[in-house]
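Structure first, then comments.
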Amino acid sequence: ISTIGIKCVSRIDVCRCICSTTSWITKAPRPRNNASIGEKSGKIYQPIPGDKIMGFVTQGRGVSVHRADCEQLHNLLTQHPERALQVTWENAEQGQYRVDLMLEADDRTGLLHDITTVLTAEKASVVRLDSESDDHTHQAHLRVAVMVSSQASLQRICNRLQQLKGVHQVTRAQG
C-alpha cells in the first residue's frame, strides 16, 4: 500500500494528491514545487477534512478518494485489494464541503420547517432535499445535502437535528 497526501485546495471535490510512489495527482492544479507530475482526474466521495479517507486507484481515471466507511469503497476493495492507497489530509484549507444527511422521523406538520430552521441557524446552505413519506407508518425519510465548513459544524447540525421532535435517526449518507 502506497501513501499519498490529500490537500483540499478549493471547494467540495477538489483535492491535490502528492503521491510518493507514482507520478500523478487527482483533480487539482500541478503542485507548486513538482512541475513534472502528470494529472489525472479522480472523484471525491464527499469526505470533509477530519474524515478518515482511503484512496482507490481506478482504471485510467486516477484515484478516487472515499470516506473510509464508504460501502462502495468496501465493495471495490473486496474485488481489488491491491488498488488501495492510504491517503491522509494535508493542510486542508477552509471551505465549504457537501455532506448528504439521511433523516428518519415521524411525518408531521412543520417537520421540514424545523429542519430548515436548524440548518439556517447553523449557516448551512441546503443544496438538495428529497423526502418521502410512508402513509402506512407515518414515517418520513429525508435526504438533505448541505454545505458545511468543518467536522464541528457537521456535528452540531447532526446533534441539533437529532433533538427535533419526532426525529429518530440522523446519519451521513453513504457514497
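The values are calculated or read from the model by the stated rules, or taken from the named source; none is laboratory data. The shown structure was predicted, so the numbers you read here are calculated from the model rather than taken from an experiment. Positions of Cβ are generated from backbone atoms using ideal geometry, with glycine treated the same way; all protein chains shown enter the neighbour counts. Ligands, DNA and RNA are stripped out before the accessible areas are found, and what is left, the full protein with its side chains, is counted by its heavy atoms. Shrake-Rupley method; radii C 1.70, N 1.55, O 1.52, S 1.80 Å.
Couple of notes before you dig in:
- Any chance Gln79 is open to solvent by 60 Å² or more (accessible area, probe 1.4 Å), over 24 Å from Arg143 (Cα atoms) and either among the hydrophobic types (A, V, I, L, M, F, W, C) or without any contact (Cβ under 8 Å) to a residue 60 or more places away in the chain (or both): yes
- Count of residues meeting criterion [at pLDDT 75 or above and outside any loop (DSSP other than H, G, I, E, B)] in the range 21-71: 11
- Odd one out for Ile115, checked against (1) closer than 27 Å to Val65 by Cβ; (2) surrounded by 18 or more Cβ atoms within 10 Å (Cβ to Cβ): (1)
- For Lys165, the criteria (1) surrounded by 14 or more Cβ atoms within 10 Å (Cβ to Cβ); (2) touching a residue at least 40 places away in the same chain (Cβ under 8 Å) hold in every case but one, which is (1).
- Scanning the range 139-158 for residues that are aliphatic (A, V, I, L, M) and touching a residue at least 40 places away in the same chain (Cβ under 8 Å) returns Leu142, Val144, Ala145, Val146, Met147, Val148, Leu154, Ile157.
- Test: residue in the range 82-101 that is crowded, with 17+ Cβ neighbours inside 10 Å, at pLDDT below 50 and in contact with a Gly (Cβ under 9 Å, 6 or more places away or on another chain): no
- When residues of the range 59-74 are limited to those that are open to solvent by less than 20 Å² (accessible area, probe 1.4 Å) and within 11 Å of the chain's Cα centre (by Cα), the one farthest from Val87 (Cα to Cα): Cys70
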